[in-house]
Amino acid sequence: MGLITLNLKRVLNWNFIFMSAVAAIFGMISLMNFGDISENIVFGVDIKYFMLDGYLCLFIFFAGEISKDMLQQEKITKRIEWKLANGIKISSIVKENLLSLWIGTLILLFPLLLIISIRLPNLILLLGTYFLILSILYSAFINVLILWIRNMNWFKSIPIFATLLHILLVVLKCGIFMKTNNVWVLLLFSPVSIIVLTACGLCLMTKERIVSSYY
């Protein structure tokens with residue numbers, strides 16, 4: 001809990017507030033373009049799923065940004081090496097930084113989430129639950145990606161890479177849905193894909209790979 005508090009203190013600054021305002025503005029713009037959102041269908045898919053994926057894009061991008069002051073900073077300053085040398089497991093490092101990144105990004109997006117809950121009260125339970133599940137999975141994936149990267153100059157590309165990966169999964173998901181017309185594809189494709197990618201990254205991760213990082 002102490003690490004979570006420390007990480008949150010690191011990211012709570014004027015840049016954090018600016019990003020939160022930008023996210024809220026994007027959210028308001030997206031909601032103004034629709035009347036009764038529950039009746040909009042695009043390519044045979046209920047538009048609320050597209051909007052949810054759009055909000056997840058915002059979460060992923062901003063999570064990648066604020067991770068600069070969390071796990072990225074620990075890796076750059078070699079604090080990760082100290083933890084590994086003292087017997088802390090890689091999975092434990094991911095878990096403790098996962099909560100920090102997840103909670104920090106949710107705080108950043110709180111104005112946006114509040115607007116959505118007011119605008120779409122009938123859908124907030126379904127969308128909110130799905131959003132929380134996928135956001136915590138992407139938080140884990142981003143932390144594993146940070147540990148996996150050797151050339152730390154690539155850290156700056158994490159927000160773009162993770163966002164593009166999400167967009168690719170959305171395209172694949174919609175393509176499969178249009179072929180099968182199975183709603184479970186919309187619900188399960190993205191979370192299962194991220195779980196598999198994260199699990200593979202953890203299984204292939206070694207302490208030697210982490211400590212061999214360089215600039």
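The values are calculated or read from the model by the stated rules, or taken from the named source; none is laboratory data. Here the structure is a predicted model, which is why all the values come from computation and not from measurement. Positions of Cβ are generated from backbone atoms using ideal geometry, with glycine treated the same way; all protein chains shown enter the neighbour counts.
Does any residue in the range 146-163 that is among the polar types (S, T, N, Q) come within less than 8 Å, Cβ to Cβ, of a residue that is outside any helix (DSSP H, G or I) six or more places away or on a different chain, and which pairs are these? Qualifying pairs under 8 Å: Asn151/Ser213; Asn151/Tyr214; Asn151/Tyr215; Asn153/Tyr215. Within the range 202-215, residues that are basic (Lys, Arg) have Cβ atoms under 6 Å from residues that are modelled with pLDDT of 80 or more and surrounded by 10 or more Cβ atoms within 10 Å (Cβ to Cβ) in these pairs: Lys207/Leu84, counting only partners at least 6 apart in sequence or on another chain.
Taken over the range 60-97, the residue count meeting the criterion of being in contact (Cβ under 8 Å) with a residue 40 or more places away in the chain, closer than 20 Å to Tyr138 by Cβ and surrounded by 14 or more Cβ atoms within 10 Å (Cβ to Cβ) is 20.
Checking the stated criteria, Ile118 turns out not to satisfy the condition of being crowded, with 19+ Cβ neighbours inside 10 Å and over 22 Å from Phe61 (Cβ atoms). Confirm whether Ile118 is aliphatic (A, V, I, L, M), without any contact (Cβ under 8 Å) to a residue 24 or more places away in the chain and not in a helix (DSSP H, G or I). Taking the combined requirement at face value, the residue does not satisfy it. If I filter the range 26-57 down to residues being under 19 Å from the mean Cα position of the chain (by Cα) and either within 21 Å of Leu98 (Cα to Cα) or aliphatic (A, V, I, L, M) (or both), which single residue comes out as modelled with the lowest pLDDT? Looking at the filtered set, the residue picked out is Met51. Of the residues making up the range 169-206, just one is exposed (fewer than 15 other Cβ atoms within 10 Å of the Cβ) and of a type in the set (Lys, Arg), namely Lys179.
Among all residue pairs at least 6 apart or on different chains, which show Cβ distances below 9 Å where the first residue, located in the range 170-194, is at positive phi and the second is modelled with pLDDT of 90 or more? Once the first residue is at positive phi and sits in the range 170-194, no partner that is modelled with pLDDT of 90 or more comes close enough.
Summed over the range 86-110, the residues that are part of a helix (DSSP H, G or I) and either more than 21 Å from Ala23 (Cα to Cα) or touching a Ser or Thr at 6+ places or on another chain (Cβ under 6 Å) (or both) give a count of 12.
When the range 150-168 is examined, which residues are found to be aliphatic (A, V, I, L, M) and surrounded by fewer than 19 Cβ atoms within 10 Å (Cβ to Cβ)? The answer is Met152, Ile160, Leu164, Leu165, Ile167, Leu168.
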